[in-house]
Amino acid sequence: MRKFASKSKAFIWGLFNQPYIPEGLAKSEGPLIMHISDTPVQIYQFIYKLAARLKPAVIIHTGDLADNHKIENQTEQIAHYEIAAKRFINGITKAAPSADLYIVAGNHDLIDAIRDFSPQPDNEEQEIELYQRKFFLRHELDIEQDKKGYYCFGHKFEPSHRETEGTVYLNGLLNINIIDAQNWKIYHLEYPYGTNEYRKMTYRRTGL
């Protein structure tokens, strides 16, 4: 019942482009790790507001910075993508200026277009250590992994979030994932209403 009430509040707040932050997360002293993925330009302001309120220590983006521009298939949108990607990175760094930013480039990203004004992105994967725990950053994840740690990914609706034998899978396309590194509790926050339509995706359909 509590989970339903929380999702209802998040939906209502999202209609007004305002992020809903659960009470436990709002009271957290952090440090917080924020994981997002496949972000269309229409939700940038929502993401900025959330980052400004939470003040995460780390922001992880697992690809497709301007996901409404499907540049892998529509190369005529590359110029629009370049403008949007620069806008996103400038906006998120202003919203959370002290956060470390990690980017894994997706299939609708151009590394050369974002290299000059962001940390060096990797178009396949990154392995990093945060607060003495291993994090594996990928744009897409299809198979079980043998290394223990936190797997952050996006691109499509499956696999979903889950934890098994010390391995945590977090799908940033499904939710904005916030990890409280003080107690390692994970919060799955809702994206605003209409996000999948802006992505040109519908639920259970493979990412484009």
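When region 36-76 is examined, which residues are found to be surrounded by fewer than 17 Cβ atoms within 10 Å (Cβ to Cβ) and either on the phi > 0 side of the Ramachandran plot or out of contact with any helix residue (DSSP H, G or I) (no Cβ under 9 Å at 6 or more places or on another chain) (or both)?
Within region 36-76, Lys55, Glu72, Asn73, Gln74, Thr75, Glu76 meet the criteria.
Go through (1) buried (at least 22 other Cβ atoms within 10 Å of the Cβ); (2) modelled with pLDDT of 95 or more for Ile103 and report which single condition fails.
Condition not satisfied by Ile103: (2).
State whether one or more residues within region 11-18 are within 22 Å of Asn171 (Cβ to Cβ), within 17 Å of the chain's Cα centre (by Cα) and modelled with pLDDT under 95.
We begin by selecting, within region 11-18, every residue within 22 Å of Asn171 (Cβ to Cβ); these are 11, 13-14.
Those still in the list that are within 17 Å of the chain's Cα centre (by Cα) too: 14.
Right, trim to modelled with pLDDT under 95 and you get 14.
The answer is yes; a qualifying residue exists.
Can you go through Phe46, Phe4 and tell me which one is at pLDDT below 95 and outside any loop (DSSP other than H, G, I, E, B)?
Phe4
Quick one: count up the residues across region 147-189 that are assigned to a loop (DSSP other than H, G, I, E, B) and surrounded by fewer than 19 Cβ atoms within 10 Å (Cβ to Cβ). Quick ask: steps written out before the conclusion?
In the first step, residues of region 147-189 are kept if they are assigned to a loop (DSSP other than H, G, I, E, B); the result is 147-148, 154-161, 165-166, 172-175, 181-184.
Filter again for surrounded by fewer than 19 Cβ atoms within 10 Å (Cβ to Cβ), leaving 147-148, 157-161, 165-166, 181-184.
Selection size over region 147-189: 13.
As an exercise: evaluate Ser28 against (1) without any contact (Cβ under 8 Å) to a residue 60 or more places away in the chain; (2) over 17 Å from the mean Cα position of the chain (by Cα) and give the number of the one condition it does not meet.
(1)
The values are calculated or read from the model by the stated rules, or taken from the named source; none is laboratory data. The structure displayed is predicted, hence computed values, not measured ones. Heads up, the Cβs are rebuilt from the backbone with ideal geometry, glycines too, and the neighbour counts pull from every protein chain shown.
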